[in-house]
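Nothing in this text is a laboratory measurement; each read-out follows from the coordinates by a stated rule. Keep in mind it's a predicted model, so treat the numbers as computed, not measured. Note that each Cβ is placed from the backbone with ideal geometry, even for glycine, and that neighbours are counted across all protein chains shown.
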């Protein structure tokens, strides 16, 4: 495990390098999630196995990614930076998960929403549901679409609180552990002299 350091203690050029790297990783992750969303069929076939398989696989990938991000934060030299990256990417994947459901629902029945949904408009709609903005430009019309939105709304409440709590807790524990470890090693050096 690397020792932790405060970004403010670093020279300005080193801080910029770390932050630019974080921004690049976050953007690459964001676009990778949007690319994966684009693979979801807009016009699913008549059988249910494909949409169900996509949802199950997406959930498994999401759970695996989430666990990996927590481990990354715990082992990071800069856990705060890693936790911000993780929050953005976890939220993006969460929204893409629901957007894929909305795309498939709209493809199966274009009257499920007030307009047929593309990948982009489904992601936009999932974000407006998460943000509780509800502009009214896209609304669920069918009972199935309304039910899917109700599930997202219920999970959103828990998601926001839980994800922030879990990710920030991992960052705080990692920082505290590394600070205690660094302090312990400096005390050991002092007693050896």
Quiz item: Tilt of helix 49-75 relative to the longest C-alpha principal axis of the chain, in degrees (0 to 90, nearest 10)?
Solution: 10 degrees
Practice problem: Mind pulling the angle between the C-alpha long axis of helix 143-192 and the longest principal axis of the chain? Nearest 10 degrees, somewhere in 0 to 90. | Solution: 10 degrees
Practice problem: Give me the angle, in degrees from 0 to 90, between the Cα long axis of helix 79-108 and the longest principal axis of the Cα atoms of the chain, rounded to the nearest 10. | Solution: 10 degrees
Quiz item: Got a sec? How would 183, 173, 12 order by Cβ neighbour count within 10 Å, fewest to most?
Solution: 12, 183, 173
Quiz prompt | Of (1) 127, 36, 27; (2) 77, 29, 28; (3) 49, 32, 24, the label for Cα extents along the principal axes in Å derived from the coordinates | solution = (2)
Exercise. Give me the distance in nm between label points sitting 7 Å out from Cα along the Cα-to-Cβ direction at residue 162 and residue 63, one decimal.
Key: 1.2 nm
Quiz item: When only C-alpha pairs under 8 Å and at least 6 residues apart count, what is the relative contact order of the stretch 1-148, in percent?
Solution: 27 percent
Exercise. Counting helices only, and only those DSSP H runs with n ≥ 4, report the 222 nm mean residue ellipticity of the chain as the sum of -39,500 (n - 2.57) divided by its residues, in deg cm²/dmol to the nearest 500.
Key: -27500 deg cm²/dmol
